[in-house]
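Since the structure comes first, as structure tokens, the remarks are kept for the end.
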């Protein structure tokens, strides 16, 4: 049944080509996912402010947290089966898992795995994009869905600031919170990395892996004074 579903979707989506695993994943050869921070056309701020970490509760939604090496491992078990979409390669490569729920307007929740970051998006219907037919319904999700910290559709700019504070970048109908923080590598992670890079001298290893850059990004967009788009992303790089 799943193979048949993937075959039908391949006929319906014009730029879609099937990946090796036709049961669970398809590859999309386009950049129509306007909502993704990994989209090649996404507008990032010109600099990364140094500042405090954003609270961990901002990075959890529907019981799924961006913490850890594999935050989406149990996604299908929690929210229901869905076909994932693969786009691009390298730094912009991304795998996306989409769920749709609610009516008038419908709401989309997308989880995204990238080369060095994990993200989720919550938004109402906007500009059409190739692959939205892949979004699966989920009985576990409601339009009132919020992050653990309280961010969700329909809240006001004032309510956003009550959760996140003053934005690092503010534009009409758009707030951005963007932090770049140097962190010490935990001892257990350092031991794992050492076993993976046994070819390096001690100096080379410690120079490269004793610390890492933690990149935190939250963007909210408003329509008529109400939140209609939320992007939450967390990345680590050495």
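Rule-based calculations on the coordinates, nothing more; no lab input. Given the structure is predicted, the values throughout are model-derived calculations rather than measurements. No Cβ is skipped: glycine too gets one built from the backbone with ideal geometry, and neighbour counts run over all protein chains shown.
Among rounded, prolate and oblate, which fits the stretch 34-100 when a ≥ b ≥ c are the square roots of the eigenvalues of its C-alpha gyration tensor, a/c under 1.5 means rounded, and a/b larger than b/c means prolate? Oblate, because a/c is 1.5 or more while a/b does not exceed b/c. Counting neighbouring Cβ atoms within 10 Å and putting the fewest first, the residues 40, 159, 112 line up as 40, 159, 112. Here r is the Cβ-Cβ distance between residue 104 and residue 213 and R0 is 45 Å; the resulting FRET efficiency, rounded to 0.05, is 0.60. Per-residue extension of 0.36 nm, minus the Cα-Cα distance of residue 92 and residue 53, leaves a gain of 11.6 nm for this segment. Ordered by the number of other Cβ atoms lying within 10 Å of each residue's own Cβ, fewest first, 129, 35 fall into the sequence 129, 35.
In terms of Cα atoms, the Rg and Dmax of the chain work out to 18.8, 60 Å. Approximating the spin labels as points 7 Å out from Cα along Cα→Cβ, the residue 188-to-residue 136 distance works out to 3.0 nm. By other beta-carbon atoms within 10 Å, ranking 83, 176, 218 with the fewest at the front produces 176, 83, 218. Look at the Cα gyration tensor of the stretch 179-238: its axes a ≥ b ≥ c give a/c of at least 1.5 with a/b over b/c, and that counts as prolate. Working from label points 7 Å from Cα in the Cα-to-Cβ sense, the residue 24 to residue 73 distance is 1.3 nm.
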